[in-house]
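Here you go, one structure.
The values are calculated or read from the model by the stated rules, or taken from the named source; none is laboratory data. Only a predicted model underlies this, so the values are computations on that prediction, with no experimental measurement involved. Cβ sites come from the backbone with ideal geometry, for glycine too, and all protein chains shown count toward neighbours.
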């Protein structure tokens, strides 16, 4: 995707439907001057085809048209499963109260009578585009909340079932089991408790970030000092799989970030790398800096991922879990949390991976501000 395409995706797209060419030109020129993408069409049938092919953000709709009047166009839009949320503003010479009421009952969000004032049209369009954006954000938050609750219910239940089952079995048979078997049970219980605690930490930070209550307190500090602390907490996990972790960064590399957030990002990315690296593998943590930003990479030589999997990683509606190389479990929440925390720094996060050859998770944050 090129830069121009990325820009155009952020420009509101307005479909104008009117059988009078002069009206299309006046409205089109006015909206282009306001910075909108404009698509003029001369009749209702074509409007429905065009909208279905490329969904607009808002429709300006005349009523009196020969082949299909505006009421019918709006009615069909509202019956369409993917187009029914598009705001429709009627612009018509009809100014009778009954016409206005009929337009609003058909599904229009507003009604402007001709001849219109350009300032009035611009203001109403801006208002309804803002309402649409707020509705879309609300729907996203609701979807995120549902996914969060699903993770909370499902992924906390599983480890607690394991903890309760193993501890109950141990209590009932502790006098019969030998020390080796007791030690094996205790090791499983301890690992399960550790992973559950990490999940609870992620859930707490995620909930705080979604409610806007997580404090963002960036400051200048030495990256290696913080990273070594994170690596120390993950040393046991790496040692259990004979994985070497290598910190590749200048000793005095300074970074401007929120320490707690950076710890959570590194903990999740490095834990993930360990999870998907085979016994005897390698994980590298690389930090590089320019005048404008710091880029940190967590690189492993593990299982890698397909393009299809990569495309799901940072989408809460598509998250899924994949067992690690030794059947380790996870929720997919950690990477979503990383994205949230990187966004708090006005940074970017991405992944480069190839199936069977390992993955490189990278994130960049602006240099000291």
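Tell me yes or no: at least one residue of the stretch 312-328 is out of contact with any strand residue (DSSP E or B) (no Cβ under 7 Å at 6 or more places or on another chain) and either assigned to a strand (DSSP E or B) or over 26 Å from residue 204 (Cα atoms) (or both).
yes
Hey, another quick one. Any residue at all in the stretch 218-236 that's over 30 Å from residue 290 (Cβ atoms), surrounded by fewer than 13 Cβ atoms within 10 Å (Cβ to Cβ) and either within 29 Å of the chain's Cα centre (by Cα) or in the same structural domain as residue 162 (by TED's automatic domain parsing) (or both)?
Initially, the stretch 218-236 is screened for residues over 30 Å from residue 290 (Cβ atoms), giving 235-236.
Next, only the ones that are surrounded by fewer than 13 Cβ atoms within 10 Å (Cβ to Cβ) stay: 235-236.
Okay, now just the ones that are also either within 29 Å of the chain's Cα centre (by Cα) or in the same structural domain as residue 162 (by TED's automatic domain parsing) (or both), so none.
For the stretch 218-236, residues over 30 Å from residue 290 (Cβ atoms), surrounded by fewer than 13 Cβ atoms within 10 Å (Cβ to Cβ) and either within 29 Å of the chain's Cα centre (by Cα) or in the same structural domain as residue 162 (by TED's automatic domain parsing) (or both): absent.
If you go through the stretch 89-103 one residue at a time, how many are farther than 18 Å from residue 38 by Cα and surrounded by 15 or more Cβ atoms within 10 Å (Cβ to Cβ)?
6
Among the candidates 265, 270, 299, single out the residue that is in contact with a strand residue (DSSP E or B) (Cβ under 6 Å, 6 or more places away or on another chain), within 23 Å of residue 325 (Cα to Cα) and not in a strand (DSSP E or B).
The unique qualifying residue is 270.
Are there any pairs with C-beta distances below 8 angstrom linking a residue in the stretch 342-369 that is at positive phi and in the same structural domain as residue 253 (by TED's automatic domain parsing) to a residue that is outside any strand (DSSP E or B) and surrounded by 14 or more Cβ atoms within 10 Å (Cβ to Cβ), with the two at least 6 apart or on different chains, and if so which?
Close Cβ pairs satisfying both conditions: 356/303; 356/304; 358/277; 358/301; 358/302; 358/303; 358/304.
To keep it simple, each residue is scored yes or no on (1) touching a helix residue (DSSP H, G or I) at 6+ places or on another chain (Cβ under 9 Å); (2) farther than 26 Å from residue 137 by Cα.
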{"position": "21", "(1), (2)": "no, yes"}
{"position": "45", "(1), (2)": "yes, yes"}
{"position": "52", "(1), (2)": "no, no"}
{"position": "65", "(1), (2)": "yes, yes"}
{"position": "86", "(1), (2)": "yes, no"}
{"position": "94", "(1), (2)": "yes, yes"}
{"position": "97", "(1), (2)": "no, yes"}
{"position": "109", "(1), (2)": "yes, no"}
{"position": "119", "(1), (2)": "no, yes"}
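Condition check: closer than 25 Å to residue 201 by Cα, modelled with pLDDT under 95 and surrounded by fewer than 17 Cβ atoms within 10 Å (Cβ to Cβ). Does residue 240 satisfy that?
For residue 240, the condition - closer than 25 Å to residue 201 by Cα, modelled with pLDDT under 95 and surrounded by fewer than 17 Cβ atoms within 10 Å (Cβ to Cβ) - is met.
Looking only at residues that are out of contact with any strand residue (DSSP E or B) (no Cβ under 8 Å at 6 or more places or on another chain) and at pLDDT 75 or above in the stretch 206-225, which one is nearest to residue 161 (Cα to Cα)?
Taking the candidates together, the pick is 214.
I want to confirm something. Restricting to the stretch 201-217 and keeping residues that are in a helix (DSSP H, G or I) and touching a residue at least 40 places away in the same chain (Cβ under 8 Å), which single residue is surrounded by the most Cβ atoms within 10 Å (Cβ to Cβ)?
My answer is 206.
Quick check: anything in the stretch 101-111 modelled with pLDDT of 90 or more and assigned to a strand (DSSP E or B)? It would help to see each step written out before you state the result.
First pass over the stretch 101-111, keeping only residues modelled with pLDDT of 90 or more: 101-111.
Keeping just the survivors that are assigned to a strand (DSSP E or B) gives 110-111.
Taking every residue of the stretch 101-111 in turn, at least one turns out to be modelled with pLDDT of 90 or more and assigned to a strand (DSSP E or B).
Within the stretch 123-134, is even one residue assigned to a helix (DSSP H, G or I) and touching a helix residue (DSSP H, G or I) at 6+ places or on another chain (Cβ under 8 Å)? Steps first, answer last, please.
Within the stretch 123-134, the subset assigned to a helix (DSSP H, G or I) is 123-134.
Going one step further and asking which of them are touching a helix residue (DSSP H, G or I) at 6+ places or on another chain (Cβ under 8 Å), we end up with 125.
Checking the stretch 123-134: at least one residue is assigned to a helix (DSSP H, G or I) and touching a helix residue (DSSP H, G or I) at 6+ places or on another chain (Cβ under 8 Å).
Oh, and also: Please find, among 274, 255, the residue that is farther than 23 Å from residue 353 by Cα and surrounded by 17 or more Cβ atoms within 10 Å (Cβ to Cβ).
That would be 255, the only listed residue that is farther than 23 Å from residue 353 by Cα and surrounded by 17 or more Cβ atoms within 10 Å (Cβ to Cβ).
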